[in-house]
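The values are calculated or read from the model by the stated rules, or taken from the named source; none is laboratory data. Owing to the predicted nature of the structure, the values given are computational and were not obtained by experimental measurement. Quick reminder, even Gly has a Cβ in these numbers, built from the backbone with ideal geometry, and neighbours come from all protein chains shown. Note: accessible area is taken over every heavy atom of the protein model, side chains too, but ligands, DNA and RNA are not part of it. Shrake-Rupley method; radii C 1.70, N 1.55, O 1.52, S 1.80 Å.
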Amino acid sequence: MSGGGVWVFRNNGVMQLEEQATSRKALVHVATNEVVRSTEALERRLGALGWERYYEDRATLQLHRRDGSADLISIPRDFSRFRSTHMYDIVVKNRDHFKVVDLQP
């Protein structure tokens, strides 16, 4: 299934979907302006902000705040499965510490 695009009418009357280039996203640690490139690096940064392991299995790692709040972050162990939804979840729960940026192709 297509990720998105614009339908264009050609001169011959045929409609064609022109796909837009998909942008890749990256999670950036604001204080160091460092792109997070591994689960280990992310866990280290989150640990410094008061997050600790709550649950883990072969596919998933979950972190919760040491202060007992109800916040929970779930991330894939395999960093290649780390998606923008995970990134935005981290940003929302750690305002001023992380941001999501578009990477240039």
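Yes or no, residue by residue, for (1) closer than 24 Å to GLN104 by Cα; (2) at pLDDT 95 or above; (3) open to solvent by 70 Å² or more (accessible area, probe 1.4 Å):
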{"residue": "ALA31", "(1), (2), (3)": "yes, yes, yes"}
{"residue": "VAL36", "(1), (2), (3)": "yes, yes, no"}
{"residue": "LEU42", "(1), (2), (3)": "yes, yes, no"}
{"residue": "LEU49", "(1), (2), (3)": "no, yes, no"}
{"residue": "TYR55", "(1), (2), (3)": "no, no, yes"}
{"residue": "ARG65", "(1), (2), (3)": "no, no, no"}
{"residue": "GLY68", "(1), (2), (3)": "no, no, no"}
{"residue": "ASP89", "(1), (2), (3)": "yes, yes, no"}
The conditions are (1) open to solvent by 50 Å² or more (accessible area, probe 1.4 Å); (2) modelled with pLDDT under 95; (3) not aromatic (Phe, Trp, Tyr), and LEU61 fails exactly one of them. Which is it? (1)
For region 17-27, check the following and say yes or no: at least one residue is modelled with pLDDT under 80, more than 30 Å from PHE98 (Cβ to Cβ) and of a type outside the set (Ser, Thr, Tyr). yes
Report, by residue number, each residue of region 28-68 that is small (Gly, Ala, Ser), closer than 20 Å to ASP96 by Cβ and part of a loop (DSSP other than H, G, I, E, B). ALA31, GLY50
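Mind listing whichever residues of region 17-27 are out of contact with any Ser or Thr (no Cβ under 8 Å at 6 or more places or on another chain) and not in a loop (DSSP other than H, G, I, E, B)?
Looking only at region 17-27, we keep the residues that are out of contact with any Ser or Thr (no Cβ under 8 Å at 6 or more places or on another chain), and these are 18, 20-24, 26-27.
Matches in region 17-27: GLU18, ARG24, ALA26, LEU27.
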(1) more than 30 Å from VAL6 (Cα to Cα); (2) exposed (fewer than 11 other Cβ atoms within 10 Å of the Cβ) all hold for SER80 apart from (1)
